[in-house]
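Q: First, the structure itself, so that you have it in front of you.
Coordinate-derived values only; no laboratory data. All figures in this text were calculated on a predicted structure; none of them were measured in a lab. Cβ atoms come from the backbone with ideal geometry, glycine included; neighbour counts cover every protein chain shown.
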Amino acid sequence: MKRKDLPANAYSVLPFYPLGGEGPAGTSYETWPGMVPTITADRAMQQDTAWQFVAPVDGRYRITVHGAFATETSLPQARHQLRVEIGVNMTAGTGEAIAAASVDTFSPAQSTPFTMSGGHSTVQKLKAGSKVQFASHCASSPKHSWANDEISTQYKLGSFAEIRWVGTI
């Protein structure tokens, strides 16, 4: 996953590195061609597949996202105003579109005065070609970040997302 400054009071797509993508060392598995984002020869993201997973076959899928979010506020009343949406078949690759297509939402638990960390899984029926993306929204901080373990030792597990086929429909 990738750390990036994300604005407050708006949904932002959670970015992540595709297979062969630039960035910190990590592990990426693709068990079926076309499941994860791709990059072009000049290392640019293909806009139609940026930061989304694609279900390769019909079935039930466990969708999981886990990570750490750093905020720029330590105000006690503002710490828990971050939520993450899991969207399926959005009409556009924006955070607002992901939220509109949300199939599940969660708020990570607080782990430090400035950090929320945690994950969530949901099982959804997906048709082949269904697209899955993730978005976050923080109402309390001027900006927040989707963090990886290069930034600080407090993010020891980094961040990840996956879709995993778990059965037929």
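Q: Which of the peptides 52-59, 130-137 is most tightly packed, and how do the rest follow, going by the mean number of other Cβ atoms within 10 Å of each residue?
A: Packing proxy ranking, top to bottom: 130-137, 52-59.
Q: What does the highest-first list of 5-11, 65-71, 93-99, 108-114 look like by mean Cβ count within 10 Å?
A: Highest mean packing first, the order is 65-71, 93-99, 5-11, 108-114.
Q: Hey, another quick one. Which net charge results for the neighbourhood of Ile169, defined as the other residues with beta-carbon distances under 9 angstrom from its beta-carbon, given Lys and Arg at +1 and Asp and Glu at -1?
A: Result for the local shell: +2.
Q: How high is the FRET efficiency between Ala92 and Ala10 when r is their beta carbon distance and R₀ equals 25 Å, given to the nearest 0.05?
A: After rounding to 0.05, the efficiency reads 0.95.
Q: Report the label-to-label distance for Glu72 and Ala139 in nanometres (one decimal), using points 7 Å from each Cα along the Cα→Cβ vector.
A: 2.0
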